[in-house]
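Structure record follows, encoded as C-alpha cells.
Read-outs throughout are calculated quantities, based only on the coordinates presented, and are distinct from any laboratory measurement. What you see is a predicted model, and the numbers here were worked out from it, not measured in a lab. Methodologically, a virtual Cβ is constructed for each residue, glycine included, from the backbone with ideal geometry; neighbour enumeration extends over all protein chains shown.
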Amino acid sequence: MKYLCLAYGTSGGLEALTAAERAALLAELEAREAALQATGAVRASMSLGWEPATLRPRGGETVVTDGPYLETKEQVGGLVVLEARDLNDAVRVASLHPGVHLGPGVELRAVEHALPPGPFEEGPRWLLLAYGQREPFERMDAAEREAVFARCGELDQAMRATGRVVEGTGLGWDAVSLRAREGKVVVTDGPFLETKDLVGGLVTVTARDRDEALRLASMHPAAQIGEALGWAVELRAVAAGCALKA
C-alpha cells in the first residue's frame, strides 16, 4: 500500500544560519535522506517552492489570492511517497524522514486512489494541493455526494483535456503525525496542524509560467465548487527534476 508523507517546514530558515551551521545542517540532511532511501520504500519525492497562491470558490466564482491557504507558520515544503505493508510499517519508514528530525515534523496519509496516467505536454511542473473539510462532507447524504462526484468528474475531464495534467492522487482523511521531541520520535493520531482543513488530493500539472498554472488551477473542482465543504486549491511550484507518482 502507498502512503504520502507531507513534510512541513518554514520559509527562510536557512538564511538565519551561519555558513558553518548551514553546511552542518545540509550534511545531516543528506545523511538522513540516504537512510530513508536505503529502506527501499521511497517511490517518489517532491520539493516545493515557498511562494503559493490560493484559489477559492466564492459565490459561483473563483477568487485568487497570493499566499498559502492556511495562515500558519508551518507549510508543506515537500512530499514523499512510500510503499509499505501497513500503517505501522509506513510509520517506521516515515520516522527516518529528515523533516521529522530537522524540521517541524511530517504528516502521514494513506493514498486511496490515483488518476489513470494519460498523455501530457512536458514543461515546468506545478502542484495543486486540494483542501477540504471532513465533517461537512460526511454530513452529506448519498444523493448529495453523488451530485458532487458527478460534477467533479466533469471538471476533471475538462482539466485533463488541456493535456497539462501529469498525475493526481486522492488521500484518506485519517492522519498520523511524527515529530522529534528530546531525541525521540513522537507519533500522534491526527493531522500535523490542528485545523479542520486538510489536504484531500494532489494534482501535478505542467505550465509555462505562473499565469498559465493559475489558469489550470482554476479548472480544478476544488477551485470551482464545494464552498460549503471548505474546498480550495493551493498552487505551488515544483523544484526542477522532482516528480510525484502514486
> Over the chain, what is the mean sequence separation of C-alpha contacts under 8 Å (at least six apart), divided by residue count, expressed as relative contact order in percent?
Replying inline: 32
> Of the chymotrypsin sites (Phe, Trp or Tyr not before Pro) in the stretch 1-94, which ones lie in a loop per DSSP and count no more than 15 other C-beta atoms within 10 Å?
Replying inline: TRP50
> Where the centroid of each part is defined by its Cα atoms, how far is the stretch 1-39 from the stretch 169-214 in Å?
Replying inline: 17
> Roughly speaking, what is the centre-to-centre gap between the stretch 72-87 and the stretch 97-167 when only Cα atoms are used, to the nearest Å?
Replying inline: 15
> Looking at THR62, LEU48, GLN75, which one has the Cα that reaches farthest to the positive end of the dipole of the stretch 48-89 (charges on Cβ: Lys, Arg +1; Asp, Glu -1)?
Replying inline: THR62
> So which trypsin sites (Lys or Arg not before Pro) in the stretch 1-77 are both in a DSSP loop and have at most 13 other Cβ atoms within 10 Å of their Cβ?
Replying inline: LYS73
> Which listed residue (VAL185, THR206, ALA110) has the Cα farthest towards the positive end of the charge dipole for the stretch 2-237, taking +1 on Lys and Arg C-beta and -1 on Asp and Glu C-beta about the Cα centre?
Replying inline: VAL185
>> Test of the criteria: in the stretch 151-213, which GluC sites (Glu not before Pro) are in a DSSP loop and have at most 10 other Cβ atoms within 10 angstrom of their Cβ?
In response: GLU182, GLU194
> Considering every pair of different Cα atoms, what Kirkwood radius, in Å, is found for the stretch 7-83?
Replying inline: 15.3
> Taking Rh as the Kirkwood radius, which is the inverse of the mean 1/r over Cα pairs, what is the Rg/Rh value for the stretch 142-208?
Replying inline: 1.14
>> Restricting to Cα atoms and excluding each atom paired with itself, what does the Kirkwood estimate give for the stretch 1-154 in Å?
In response: 18.4
